[in-house]
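Undergrad: Got a structure for you, written out below as structure tokens; questions coming shortly.
Nothing in this text is a laboratory measurement; each read-out follows from the coordinates by a stated rule. This structure is a prediction, so every number in the text was calculated from the model and none was measured. Counting neighbours? That spans all protein chains shown, and the Cβs are built from the backbone with ideal geometry, glycine included.
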Amino acid sequence: MDYENFNLQTMGAPGKPGGEPDLRWINVSIALAFILFDMGVSTVFRLGLGTSLFIAAVRCIGQLAVVATLLQQVFETRDPWIVFLIALLLNTLGTIETVINKSKRRFQYMFPAVLIAMLGSTIPVSILGAKFAMEVKPFWTPIQYIPLVGMLCGSTISGVVIAVSYVLKELVENRDKVEIYLSFGATRMEACRPIAIEALRLALTPPINNMSVLGIIAIPGMMTGAILGGSSVQQAAKLQMIIIFMITASTTLASIFTTFSAVFVAVDAEHRVRGDRIYTQNNNIAKRVAFGLDVKGFWARLKRGFEWLRERTGTIRLSGDGTDSERARLLG
């Protein structure tokens with residue numbers, strides 16, 4: 001399957017039927033009128049979103065202009081190391097966006113946890129998907145691989161934010177319920193299991209809903225772009241199927257890792273809820289990032305958490321004194 005042509009390319013003279021329009025900045029300015037309309041609505045209804053809309057629009061224009069310039073040079077060089085650095089940069093920027101701007105509550109060591117989750121989900125999924133599902137040769141071909149990683153990062157961020165936000169919200173607002181379970185002898189995983197399960201369900205709901213409505217109710221942007229770029233409708237549809245399946249897998253992996261990381265950090269090895277490790281308000285951007293940069297300490301805590309989970313699993317399997325069954329009845 002030839003995916004080399006799955007990109008926006010010239011299909012004819014500008015202005016002719018079937019040809020790619022020659023878009024200029026004046027066209028972008030015309031489209032900006034839609035944002036001005038939204039700002040007007042915000043003013044009329046006193047939503048207080050006018051400034052946010054303006055800043056978001058300016059960021060969008062600036063970021064896409066810079067990305068377009070950089071990617072054009074990357075596509076021309078076809079250097080695998082540059083492609084790797086771009087993928088690393090996308091994941092790092094996505095992590096910063098998640099920790100600083102998207103999350104109302106943050107936990108200690110959140111930055112390395114989210115970064116590891118992003119890299120451990122988007123990179124393997126993108127490599128396997130590009131190499132085997134999309135049959136791109138080589139898999140790191142910039143014009144396919146970089147946009148693919150970008151799409152995975154964007155969707156994975158949403159899942160991570162939903163999962164972590166729910167876990168921390170429950171540990172803060174319903175801390176007494178968790179502590180009741182802990183006081184009756186429940187371990188931190190037993191006490192937090194309902195929270196973790198619900199967090200993962202919420203995180204996976206958006207990609208599941210997207211898969212449900214694709215094609216009949218909504219035509220996704222990736223498929224639309226491929227069609228506008230000259231690809232056949234059948235090929236564009238198959239490409240979109242592959243992309244959405246990869247997005248779901250990446251979101252699942254990252255959400256699981258960050259959910260368990262939040263639990264292991266916010267509830268320590270002594271099975272105590274550590275409210276001091278959950279940050280609700282912090283206006284200092286440097287501190288927002290710094291509290292999560294202790295990678296060594298984070299790895300030590302995470303390792304202890306998974307070792308405890310493995311030992312605990314073995315204990316449950318070997319125990320026969322009925323203690324665990326009584327605890328299970330207590331926890332429902």
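Undergrad: Pairs to check: Lys104/Lys177; Lys102/Lys131; Lys102/Lys169. Give those whose C-alpha atoms are more than 25 Å from each other in this structure.
TA: Working: Lys104/Lys177 22 Å; Lys102/Lys131 32 Å; Lys102/Lys169 14 Å.
Pairs exceeding the cut-off: Lys102/Lys131.
Undergrad: So what J values fall out for the range 190-202 if you push phi through Karplus, 6.51 cos²θ - 1.76 cosθ + 1.60 with θ = phi - 60°, rounded to Hz, Gly and Pro as x?
TA: Residue by residue, the range 190-202 yields 5, 5, 9, 4, x, 5, 5, 4, 5, 4, 5, 4, 5 Hz.
Undergrad: Separate question: So, counting K/R as plus one and D/E as minus one, what does the shell of residues with Cβ under 11 Å around Val160 add up to? Can you show the working numbers first?
TA: Values: positive: Lys102; negative: Glu97.
My count for the surroundings of Val160 gives 0.
Undergrad: Give, in nm to one decimal, the length gained when the segment between Arg274 and Leu64 is fully stretched (0.36 nm per residue of separation minus the Cα-Cα distance).
TA: On the way: separation 210, 0.36 × 210 = 75.60 nm, distance 4.10 nm.
In short, 71.5 nm is gained.
Undergrad: To continue, here is another question. For the pair Glu307/Ala31, report the inter-label distance in nm, with labels modelled 7 Å from Cα in the Cβ direction.
TA: A separation of 5.3 nm, rounded to one decimal place.
Undergrad: Follow-up question, since we're still on this one. Residue by residue through the range 153-160, what is 3J(HN,Hα) from phi via Karplus (6.51 cos²θ - 1.76 cosθ + 1.60, θ = phi - 60°)? Round to whole Hz and write x for glycine and proline.
TA: 4, x, 6, 5, 4, 4, x, 5
Undergrad: Could you give the length gained by full extension between Ile219 and Phe132, i.e. 0.36 nm per residue of separation minus their alpha carbon distance, to one decimal place? Can you show the working numbers first?
TA: Details: separation 87, 0.36 × 87 = 31.32 nm, distance 2.47 nm.
Taking Ile219 through Phe132 to full extension adds about 28.8 nm, to one decimal.
Undergrad: If the chain between Glu76 and Val233 were fully stretched, how many nm would it gain, using 0.36 nm times the residue separation less the Cα-Cα distance?
TA: Numbers: separation 157, 0.36 × 157 = 56.52 nm, distance 2.73 nm.
Length difference between fully extended and current span is 53.8 nm.
Undergrad: Using a cut-off of 14 Å between beta-carbons, work out the net charge of the residues near Ala56 (Lys and Arg +1, Asp and Glu -1, Ala56 not included). Before the final figure, lay out the partial values.
TA: Values: positive: Arg59, Lys102; negative: Asp38, Glu97.
Net of charged neighbours comes to 0.
Undergrad: Sticking with this structure for a sec: Over the range 128-230, one equal point on each Cα, no solvent: what is log10 I(q)/I(0) by the Debye formula at q = 0.20, 0.23, 0.24 Å⁻¹?
TA: Values returned for q = 0.20, 0.23, 0.24 Å⁻¹ are -1.06, -1.22, -1.26.
Undergrad: List the residues, sorted by chain then number, that are 5 or more residues from Phe107 or on another chain and whose placed amide H is less than 5 Å from its amide H.
TA: Result for Phe107 returns Tyr279.
Undergrad: When only C-alpha pairs under 8 Å and at least 6 residues apart count, what is the relative contact order of the range 116-266, in percent? Walk me through the numbers on the way to the answer.
TA: Working: 141 pairs, mean separation 62.9, N = 151.
Relative contact order comes out at 42 percent.
Undergrad: Using modelled backbone amide H atoms (1.01 Å from N, in-plane), which distant-in-sequence or interchain residues come within less than 5 Å of Val267's amide H?
TA: Distant-sequence amide H within range of Val267: Arg274.
Undergrad: By average Cβ neighbour count within 10 Å, what is the ranking of 64-70, 37-43 from highest down?
TA: Values: 64-70: 11.4, 37-43: 14.0.
The most tightly packed comes first, giving 37-43, 64-70.
Undergrad: Residue by residue through the range 167-177, which ³J(HN,Hα) values in whole Hz follow from phi under the Karplus form 6.51 cos²θ - 1.76 cosθ + 1.60 (θ = phi - 60°), with glycine and proline marked x?
TA: So the Karplus estimates, Gly and Pro as x, are 4, 5, 4, 5, 5, 8, 7, 10, 4, 4, 5 Hz.
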